[in-house]
Amino acid sequence: MFARPSCPLSLGFVVLIWAVAANAAGPATKEVDVNGITMSYLDEGTGQPVVFVHGAAGDLRAWAPVRAEITGSYRFIAPTLRYFGTGDWLDQGEKFSVGTHADDVAALIRALDIEPVHLVGWSYGANVAIAAALADPDAVRSLILFEPALPSMIQEGEAGNAARDAMERMFGPATAAVEAGDAETATRLLVEGVFQLPPGGFESQPREIRTMQLDNARSVPLLWSAPPWDVSCDMLKELDRPVLIVHGAKSNAYWPHIAAAMDACLPRAEVAALPGVTHDGPVRDPEGFATMIEDFVAKH
């Protein structure tokens, strides 16, 4: 197992981690036909399968730093969801939704004949992972969720009000850019909001991360126009699978509030904080996040 850093990593070290992961020899991208689309994915390592679902403004490249930490012990599988990545779209984005992406992930798992899997999701990808597990619980052995984005889980009261305020600060500027028809600016503002970066902080990220995010800028308006996925406590009560919900120890009030609300509903949940990070945890501290994943998978 890997030792988790006890202090936040410097941005320079994050750049180094990403550069090493990006340049390391890795598996070739594979393809599989599911639900009428061709899905690209990475598949490396042996052992129990762990499937990684990326979030908004991302694709399978988002998991590059974590992949290096996982493949020594487990089979690492990371798809690019439809409408993400650099490939052509078969339509204009009409099917973009949590439900569509969850169906695609479930179809990938069936096509590879690897069920049940440990399913990892980050942000929007965590929403997709939850939806996939609710729709087909037999395909999922456990869930590891880094900061699910579920406004429907915000509770009433002081903590809920703080979460709503944080949500507006994160997403308000990006919303204005989407409404103005500027997908690239919306992407930059979205990243700065959720990663709690200062104005212009988008440019401080490693080049590989920025390239991936801007490659996926065209999907950001689809995220805003997609039908809401209003998961409820009653829905989560039906999910009888081990669930680890992770939030950044330095994240704003929105993310730990959602984690606590989910924890109160899920029958078999645990909540943990990843030290020294915000919503950028899987790339800011991939070693620490991988340790959490490996420890949880080993128990289940």
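Give a residue-ordered list of calculated ³J(HN,Hα) values for region 185-200 (Karplus: 6.51 cos²θ - 1.76 cosθ + 1.60, θ = phi - 60°; whole Hz; x for Gly, Pro).
Values, residue by residue: 5, 4, 5, 4, 6, 4, 4, 4, x, 6, 8, 6, 8, x, x, x Hz.
How many angstrom lie between the Cα centre of region 30-65 and the Cα centre of region 203-278?
For region 30-65 versus region 203-278, the Cα centre distance is 18 Å.
Go through region 105-178 and name the GluC sites (Glu not before Pro) that are in a DSSP coil and have 14 or fewer other Cβ atoms within 10 Å of their Cβ. Display every interim value, and only then the final one.
Details: sites: GLU156, GLU158, GLU168; in loops: GLU156.
Taking region 105-178 and a limit of 14 other Cβ atoms within 10 Å, the loop GluC sites (Glu not before Pro) found are GLU156.
When semi-axes √(5λ) of the Cα gyration tensor in Å is calculated directly from the model, which label among (1) 24, 22, 22; (2) 41, 20, 16; (3) 66, 36, 18 fits?
It is the one labelled (1).
Given the Cα-Cα distance of GLU44 and GLU203 and 0.36 nm per residue of separation, how much length would full extension add, in nm?
Working: separation 159, 0.36 × 159 = 57.24 nm, distance 3.09 nm.
Length gained between GLU44 and GLU203: 54.1 nm.
Beta carbons within 10 angstrom, averaged per residue: use that to sort the peptides 144-155, 277-288, highest first. Show your work: numbers first, answer last.
Details: 144-155: 22.0, 277-288: 24.2.
Packing order, densest peptide first, comes out as 277-288, 144-155.
Could you point to the residue in THR46, ALA56, GLY99 farthest towards the positive end of region 23-130's charge dipole, with +1 and -1 charges on the Cβ of Lys/Arg and Asp/Glu respectively?
Projecting each Cα onto the dipole axis, the largest value belongs to THR46.
What nm value, rounded to one decimal, do you get for the distance between HIS300 and MET235 when each label is placed 7 Å out toward the C-beta?
Inter-label distance under the simple model: 1.8 nm.
Taking θ as phi - 60°, what are the ³J(HN,Hα) couplings along region 264-281 by the Karplus curve (6.51, -1.76, 1.60), each to the nearest whole Hz, with x for Gly and Pro?
So the J values, rounded to whole Hz, are 6, 9, 6, x, 9, 10, 10, 10, 9, 10, 8, x, x, 10, 10, 5, 8, x.
Restricting the count to DSSP beta bridges whose residues both fall in the chain, what percent are antiparallel, rounded to a multiple of 5?
30
Could you rank the peptides 169-180, 248-259 by their average count of other C-beta atoms within 10 Å per residue, with the highest value first? The partial results should precede the final answer.
Numbers: 169-180: 16.9, 248-259: 22.3.
Going from most to least packed, we get 248-259, 169-180.
Each residue of region 103-109 in order: what ³J(HN,Hα) in whole Hz does its phi give by Karplus 6.51 cos²θ - 1.76 cosθ + 1.60, θ = phi - 60°, with x for Gly and Pro?
4, 5, 5, 4, 5, 4, 4
Ranked highest first by the average count of other Cβ atoms within 10 Å around their residues, in what order do 206-215, 118-127 fall?
Details: 206-215: 18.1, 118-127: 26.9.
Highest-to-lowest ranking by the protection proxy: 118-127, 206-215.
Quick note: the coordinates plus some simple rules give every number you see, no bench work behind them. Worth saying up front: this structure is predicted, and the values here are computed from it rather than measured. No Cβ is skipped: glycine too gets one built from the backbone with ideal geometry, and neighbour counts run over all protein chains shown.
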